[in-house]
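What follows is one structure encoded as structure tokens, with my remarks underneath.
The values are calculated or read from the model by the stated rules, or taken from the named source; none is laboratory data. What you are looking at is a predicted structure, and each value in this text was computed from that prediction instead of being measured. Note that each Cβ is placed from the backbone with ideal geometry, even for glycine, and that neighbours are counted across all protein chains shown. Protein only, heavy atoms only, side chains kept; ligands, DNA and RNA dropped before computing areas. Shrake-Rupley method; radii C 1.70, N 1.55, O 1.52, S 1.80 Å.
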Amino acid sequence: DLSGGITIQTNPPGLQFTVDGGSAQTAPQFFNLTQGPHTIAVSSTQAGSAGGQYVFTGWSDGGSASHSIGVNGSPAPYTASFKAQYQLTTAASPSALGSVSPASGSYFDSGALATVTATTTAPYAFSSWSGDASGTTNPVSVIMNMPHSVTAQFVNTAAACDLNGDGFVNVKDVQLMVNEALGVAQALNDVSGDGVVNVLDIQVEINAALGGTCTAT
């Protein structure tokens, strides 16, 4: 049978491809194929190192990810090119006090600038960034030249009214304040600052639980 040689390469090297629907091969490889039409193909997205992946951008002959080629007696090289992408992991801490975008696990082209935004709900407030970002500017930009992890730190602006220390101001704290005002519990939380724990402190606690700040009005 007449045959022709083709060389399959990938850029970067070492990625996967198939010929005529066969098993996956690792580039570069040389094949002696019968003359005539054959199909070369790559998966559009291929795994890289941890936190990275490669996305197909094109074949050297202009073909799509999977396409037909004509093999003749002349050697022919084919190169599939890919671009590198890196994963951005995002988180909020404490997780219940706010949210972060983009969603954790998003991929960005190598060298791209990823904008990370922290969103809060009163009475909580953004405090600072940690991980692969720092400072208090919101949003913050991260250059995706490698996998990155960014955490938004949040604080409770009604923290003094979080009497039981669970990170929230809610009905449990209101009940504790009522108990303190009634003498059922030790009066430790004079949040109104008037020297006693009474109905004014209960009002402050209720206000904070409804989304206000922990101050007497």
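Things to note:
- Residue in the range 110-121 that is exposed (fewer than 14 other Cβ atoms within 10 Å of the Cβ) and either over 24 Å from residue 89 (Cα atoms) or touching a helix residue (DSSP H, G or I) at 6+ places or on another chain (Cβ under 9 Å) (or both) present: yes
- Looking only at the range 76-95, and only at residues there that are over 30 Å from residue 46 (Cα atoms) and in contact (Cβ under 8 Å) with a residue 24 or more places away in the chain, the one that is most open to solvent (accessible area, probe 1.4 Å): 94
- Within the range 39-67, considering residues that are of a type in the set (Phe, Trp, Tyr) and within 30 Å of residue 148 (Cβ to Cβ), the one most open to solvent (accessible area, probe 1.4 Å): 54
- From 73, 98, residue being open to solvent by 40 Å² or more (accessible area, probe 1.4 Å) and out of contact with any Asp or Glu (no Cβ under 8 Å at 6 or more places or on another chain): 73
- Candidates 154, 82, 108, 126, filtered to the one that is among the aromatic types (Phe, Trp, Tyr) and out of contact with any Ser or Thr (no Cβ under 9 Å at 6 or more places or on another chain): 108
- Considered as a group, the residues in the range 142-167 that are small (Gly, Ala, Ser) and in a loop (DSSP other than H, G, I, E, B) include one that is nearest to residue 85 (Cα to Cα), and that residue is 167.
- Number of residues in the range 168-217 that are in a helix (DSSP H, G or I) and open to solvent by 50 Å² or more (accessible area, probe 1.4 Å) equals 10.
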